[in-house]
Amino acid sequence: MIILFDRAKRPLWEGKTSIYSYIQGQGESVDGSLPDDEEFWSGSKIKWVAGGLDGAFGHHGGPAKMTDEARELVHLLAKQSRKPKNSTRKALYAKLVKTDIGGMIDAVLDEVRKQPGIQPGSVFLEAKWLAEHAAHRNVVKFGIAMLGLFQNEQEKDLLLTLGGHEEFTLYAAVAIHNGMEDSNQVLFELAQRVHGWGKIHIVERLEPASQEIKDWLLRQGCHNSVMNEYLACICARNGGLREALSAERVDSSLFDGATDIIEALLNGGPAEDIDDYEHAPQVLSDYVRLNRELGSTAKHLSAIFSIHDFLAQDEEKWAVRMSAGWSEQLRTDISDACQSIIADTKWMSIVMDAVSSGDSPDRYYGVACAEQLGIDIWDTLYDQLAENPLQDFYYFQLMKSNDPERIHRFVQFAIEQLPCSKSPLAPGMRWDLAKNMQHIGNWALSCRAWTGSRGLVWN
C-alpha cells in the first residue's frame, strides 16, 4: 500500500538547513548570506545588505505598532505555551515566515508580557527551538527576541553565534542586554565580530564601563561598512576622545581612530555631527597639533583639508558656533596650523604613493589630496585604467579633465575596451543588463566627457 503525504501539510522547516547550523558552518567567515535568501527576496526589487532593512527602518522609521497580525502571533504563542502541539508550532511558524518582524517586535514583546495565562517556561523552550532550528530568518528573529524576555546566560553561545551574522545582531544584542547579568561584556565580545549594521546597533548600546572598551571605541569602534557617521559622536563621547588626544602620549592607532571619528563628524549625515559634539574645539585643536608629528598618510592630510574647509565655512554658521565653545582666535590659530601642515613638502611623495597604491581607500585619499594640492595625476590614473579597464573609479576621475586631447584619448580607450561599445550580440543571444550596468555607466561617462570637451550637451 502506498501512502501519499500532502507536501502542503509538511512543516516549512522540514528538509531545510537551519539558519543556526548554517552560520555555525561558516565559522569566522560569516559572509552575509542565508539559506533562505532566494525565497525571502523573491519578487523584491531591492535586496538589502545583511541587517540593512531592520537597521534603516529602525533608525529612520516610526515606533512599532500593535496590529491584528501581531496579536495573532501572540495568541498562537500563548496557545503553544499552554498545550504544546506540532500543529500549533506549524501554524505559528508559517505565520512568522510571512510577517515583517522588525516593524512590530517591540509591540509583540509588550503584548506577550501582558498575555493572560501564558506559560513562561514553555515560551522559553519554544523560543529556543525557533532560534536554533528555524530555516527562515523572520522565525529566528522572533525566537531570539523571545529569549530576551528571560535570563538567558545558558544560551550565550547560541546568541553569540546568531548575533555574529549582521541580519540577527540587533535582536541578539537586545536579548543579551535584557537577559544577561554581564551583558555589557558579552556585547563587547559580539561587537568585535561584526562590521556593518550589527556593529552600529551594538556600539549604540555599549556602555564605556572599562578602559579596554573606551580604547576600542576610539581605535576601532567608529569604523564600519555602512557609514562611520552613525557612530562618530558616540565613540568620541563614550571613548573620551578629548581626554585621549590631550594626553602626554598618543599612539598611532589612537591617532588613526581619531582620524576616522573626526572625518565622520565633519562629514555630517544621519547622526550627530561636529556641531553636536561639545568638545569639538579642543579635539580639533589637539588633532591638528598631533598631525605635525603623527601625520603620515594621505588620509591624515585629507582630514586636515576637511578641518580647514570647516573653519572656512560662512560666517552665519560661525556666529552660532561662537556661543558653543569656539572663539575667533582659536578658529584662526587652527586654520593657520592647517595651512602650515598642508604646505609641508613631505606630502608630495606620500600623496603620489597613495595614488599609485593598489589599496582602494589609500588611492581614494591620494586622489582627493592630489586635487587639493594641484598635482596633475591624469596620466598616472590613465595608465592604471589601461591595466584595469572595468574599474569605474578611474572613469569618474579622468572625465574631469578639460584638456581636449586627454578626453580624446580617454574616449578612444573606452571605444576599444568597454564591452558595451563593441559589436551587438548574435541573433538569438540575450544581453544581461544587470551584469553590464557598470559598463553602461562607464560608457556614459566617456560620452559625457567627449561631448563636454566639444561644448555640446550630452543627453
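The values are calculated or read from the model by the stated rules, or taken from the named source; none is laboratory data. Keep in mind the model is a prediction, meaning the values are calculated, not measured. Heads up, the Cβs are rebuilt from the backbone with ideal geometry, glycines too, and the neighbour counts pull from every protein chain shown.
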Given the conditions (1) in a helix (DSSP H, G or I); (2) more than 29 Å from Gly55 (Cα to Cα), every one holds for Leu73 apart from (2)
Of the residues in the stretch 242-256, those that are touching a Phe, Trp or Tyr at 6+ places or on another chain (Cβ under 9 Å) and either more than 18 Å from Gly325 (Cβ to Cβ) or among the aromatic types (Phe, Trp, Tyr) (or both) number 1
So the helices (runs of 4 or more DSSP H) completely within the stretch 181-268 holding 1 or more residues that are buried (at least 22 other Cβ atoms within 10 Å of the Cβ) are 183-191, 197-205, 232-239, 241-245, 252-267
Checking Gly32, Gly43 in turn, the sole residue that is outside any helix (DSSP H, G or I), more than 17 Å from Gly143 (Cα to Cα), of a type in the set (Gly, Ala, Ser) and more than 24 Å from the chain's Cα centre (by Cα) turns out to be Gly43
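I'd like to know if the stretch 359-366 contains one or more residues that are buried (at least 16 other Cβ atoms within 10 Å of the Cβ), of a type in the set (Phe, Trp, Tyr) and in the same structural domain as Phe305 (by TED's automatic domain parsing).
Step one: of the stretch 359-366, the residues buried (at least 16 other Cβ atoms within 10 Å of the Cβ) are 362-366.
Among the residues that remain, those that are also of a type in the set (Phe, Trp, Tyr) are: 364-365.
Now restrict to residues that are in the same structural domain as Phe305 (by TED's automatic domain parsing): 364-365.
Yes.
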| task | Would you check if there is a residue in the stretch 335-348 being part of a helix (DSSP H, G or I) and within 30 Å of Arg409 (Cα to Cα)? | result | yes
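Report, by residue number, each residue of the stretch 99-128 that is assigned to a loop (DSSP other than H, G, I, E, B), hydrophobic (A, V, I, L, M, F, W, C) and either modelled with pLDDT of 95 or more or under 14 Å from Leu77 (Cα atoms) (or both). Step through it out loud before you land on a result.
Step one: list which residues in the stretch 99-128 are assigned to a loop (DSSP other than H, G, I, E, B), which gives 99-100, 104, 115-119.
Remaining after also requiring hydrophobic (A, V, I, L, M, F, W, C): 104, 118.
Of everything in the stretch 99-128, just one residue is assigned to a loop (DSSP other than H, G, I, E, B), hydrophobic (A, V, I, L, M, F, W, C) and either modelled with pLDDT of 95 or more or under 14 Å from Leu77 (Cα atoms) (or both), namely Ile118.
Within the stretch 294-306, does at least one residue satisfy the condition of being in the same structural domain as Leu218 (by TED's automatic domain parsing), without any contact (Cβ under 8 Å) to a residue 24 or more places away in the chain and over 23 Å from Asn238 (Cα atoms)? Give the steps one after another, and end with the answer.
Here is the first cut: in the stretch 294-306, the ones in the same structural domain as Leu218 (by TED's automatic domain parsing) are 294-306.
Then keep just the ones that are without any contact (Cβ under 8 Å) to a residue 24 or more places away in the chain; that gives none.
No.
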- prompt: Hey, any hits in the stretch 86-102 for a residue that's crowded, with 17+ Cβ neighbours inside 10 Å, within 30 Å of Ile213 (Cα to Cα) and not acidic (Asp, Glu)?
  reply: yes
Pairing a residue in the stretch 42-59 that is farther than 15 Å from Thr169 by Cα with any residue that is modelled with pLDDT of 85 or more, where Cβ atoms lie under 6 Å and the two sit 6 or more apart in sequence or on different chains, gives Lys47/Trp41
When the stretch 323-358 is checked residue by residue, the ones that are loosely packed, with under 14 Cβ neighbours inside 10 Å and hydrophobic (A, V, I, L, M, F, W, C) are Ala324, Ala343, Met348
Test: Gly441 is part of a helix (DSSP H, G or I) and modelled with pLDDT under 55:
yes
All-but-one check, Glu278 against (1) at pLDDT 95 or above; (2) under 22 Å from the mean Cα position of the chain (by Cα); (3) not in a helix (DSSP H, G or I); (4) not small (Gly, Ala, Ser), failing number (2)
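Could you count how many residues in the stretch 62-90 are over 19 Å from Lys128 (Cβ atoms) and of a type outside the set (Lys, Arg)? Quick ask: steps written out before the conclusion?
First, pick out the residues of the stretch 62-90 that are over 19 Å from Lys128 (Cβ atoms): 62-72, 75, 87.
Keeping just the survivors that are of a type outside the set (Lys, Arg) gives 62-64, 66-70, 72, 75, 87.
Counting residues in the stretch 62-90 that are over 19 Å from Lys128 (Cβ atoms) and of a type outside the set (Lys, Arg) gives 11.
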Checked Leu217, Leu187 against criteria (without any contact (Cβ under 8 Å) to a residue 60 or more places away in the chain, assigned by TED's automatic domain parsing to the domain that holds Ala236, farther than 21 Å from Pro84 by Cα and in contact with a helix residue (DSSP H, G or I) (Cβ under 6 Å, 6 or more places away or on another chain)); the one match is Leu217
Of the listed residues (Arg249, Arg242, Arg237), the one being over 22 Å from Asp359 (Cβ atoms) and touching a His at 6+ places or on another chain (Cβ under 6 Å) is Arg242
Expected output for the stretch 129-144 (first residue over 14 Å from Arg89 (Cβ atoms) and assigned to a helix (DSSP H, G or I), partner at pLDDT 95 or above and among the aromatic types (Phe, Trp, Tyr), Cβ below 9 Å, 6+ apart or cross-chain) is Arg137/Phe168; Val140/Tyr20; Val140/Phe168; Val140/Tyr171; Lys141/Phe168; Lys141/Tyr171; Ile144/Phe168; Ile144/Tyr171
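Looking at Asp273, Asp286 in this structure, which one is among the acidic types (Asp, Glu) and not in a helix (DSSP H, G or I)? Reasoning before the result, please.
Numbers: Asp286 fails: not in a helix (DSSP H, G or I).
Asp273 is the lone residue from the list that is among the acidic types (Asp, Glu) and not in a helix (DSSP H, G or I).
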